[in-house]
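See structure below.
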Amino acid sequence: MPWLLFLILSSSARPADSGLEARIHALIESQTRPAPDVGLVLLPLDGRGAVMIEPDRVFHAASTMKVPVMIELFRQAKARRLRLDDPLPVVNDFHSIVDGSVYHLSVGDDSDADVYKAVGKTMTLRELCEAMITVSSNLAANLLIERLGVENIRARVARLGAAGMNVRRGVEDQKAFDQGLNNTTTARGLAVLLQKLARGKVIDARSDAEMVGILKRQKFNDGIPAGVPERTPVAHKTGTIGRGSPT
């Protein structure tokens, strides 16, 4: 069954229309038969007037899991475990969480080719983060996940109270996918992370503002920003997965 995951974080306007949720339900029902699975959170920053539809429904996280990867990167930079301008060797060899065997990513299945051109060279952690978020580079994401440690990413999500987000592995781990070992999320889990980012409550005001700035530079803008007034600032991260994909 096709599914649809919306996360909308409003910075100011409060949804005052009491019929908004019913209208959203009607829109969902009109899409396909059977209607797609939907998890939706419309959450003003002050938390009042929220609209939630199946906020705890679990979905494959796809590329939305790159948000907590970015958060853990900035957290380790704040703790001086690394510097954002540290170089990292760019390789295309990763290890399955099933048995540690090596697998490789395909440039043809990724959304960006530039990081692949740097294989055998180095890129800074900051550059990899920019590519991971703004052009959703899977290769950049896997490099950062192996550098940061998936357990550290998961622990940071837990400490932030985003229980619905579960990062278990890197991207394109086919053996893990075949065993159902996937990154998952809920609309509520993503809403917790983005609301705290917008409030400067994830790390500190400066770090959080820098992360929001990266999200605002997102290059794929035909999804979440569609339909909002022109020149409205939108900080976001989308994720898409096809049937049978090991993302």
Before we move on, is residue 75 without any contact (Cβ under 8 Å) to a residue 60 or more places away in the chain and within 25 Å of residue 169 (Cα to Cα)?
no
Among the residues of region 33-53, is there at least one that is within 17 Å of the chain's Cα centre (by Cα), farther than 24 Å from residue 120 by Cβ and among the small types (Gly, Ala, Ser)?
yes
Looking only at region 142-191, which residues are among the β-branched types (Val, Ile, Thr), surrounded by fewer than 20 Cβ atoms within 10 Å (Cβ to Cβ) and under 18 Å from residue 58 (Cα atoms)?
184
When region 161-189 is examined, which residues are found to be hydrophobic (A, V, I, L, M, F, W, C) and out of contact with any helix residue (DSSP H, G or I) (no Cβ under 6 Å at 6 or more places or on another chain)?
163, 176, 177, 181, 187
Please determine whether any residue of region 75-96 is modelled with pLDDT of 90 or more and β-branched (Val, Ile, Thr).
yes
Might you check whether a residue that is surrounded by fewer than 17 Cβ atoms within 10 Å (Cβ to Cβ), assigned by TED's automatic domain parsing to the domain that holds residue 68, over 22 Å from residue 100 (Cα atoms) and free of Cβ contacts under 8 Å to residues at least 40 places away in the same chain occurs anywhere in region 222-231?
no
Residue 114 fails exactly one of (1) modelled with pLDDT of 95 or more; (2) closer than 15 Å to residue 173 by Cβ; (3) among the charged types (D, E, K, R), namely (2)
Among the listed residues 119, 150, identify the single one that is closer than 28 Å to residue 98 by Cβ, of a type outside the set (D, E, K, R) and more than 17 Å from the chain's Cα centre (by Cα).
119
Pairs returned, first residue in region 43-57 that is closer than 13 Å to residue 28 by Cβ, second residue that is surrounded by 16 or more Cβ atoms within 10 Å (Cβ to Cβ) and among the polar types (S, T, N, Q), beta-carbon separation under 9 angstrom, 6 or more apart or interchain, are 54/186; 57/186
Select from region 187-222 the residues that are charged (D, E, K, R) and closer than 18 Å to residue 158 by Cβ and write down the one among them that is farthest from the chain's Cα centre (by Cα).
201
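This table checks each residue for (1) more than 22 Å from residue 87 (Cβ to Cβ); (2) among the polar types (S, T, N, Q).
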residue: 138; (1), (2): no, yes
residue: 151; (1), (2): yes, no
residue: 161; (1), (2): yes, no
residue: 172; (1), (2): yes, no
residue: 179; (1), (2): yes, yes
residue: 187; (1), (2): yes, no
residue: 210; (1), (2): no, no
residue: 230; (1), (2): yes, no
Of (1) in contact (Cβ under 8 Å) with a residue 60 or more places away in the chain; (2) over 18 Å from the mean Cα position of the chain (by Cα), residue 237 satisfies all except one. Which?
(2)
Condition check: surrounded by fewer than 16 Cβ atoms within 10 Å (Cβ to Cβ) and polar (S, T, N, Q). Does residue 124 satisfy that?
yes
Qualifying residue in region 217-231 (condition: at pLDDT 95 or above and either of a type outside the set (Asp, Glu) or not in a loop (DSSP other than H, G, I, E, B) (or both))
yes
Cross-chain or 6+ apart pairs with Cβ under 9 Å, region 171-184 first and on the phi > 0 side of the Ramachandran plot and among the charged types (D, E, K, R), then assigned to a helix (DSSP H, G or I) and crowded, with 17+ Cβ neighbours inside 10 Å
172/138; 172/142
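The values are calculated or read from the model by the stated rules, or taken from the named source; none is laboratory data. Small disclaimer: the values here were computed from a predicted structure and weren't measured. Neighbour counts are summed over all protein chains in view; Cβ atoms, including those assigned to glycine, are modelled from backbone coordinates with ideal geometry.
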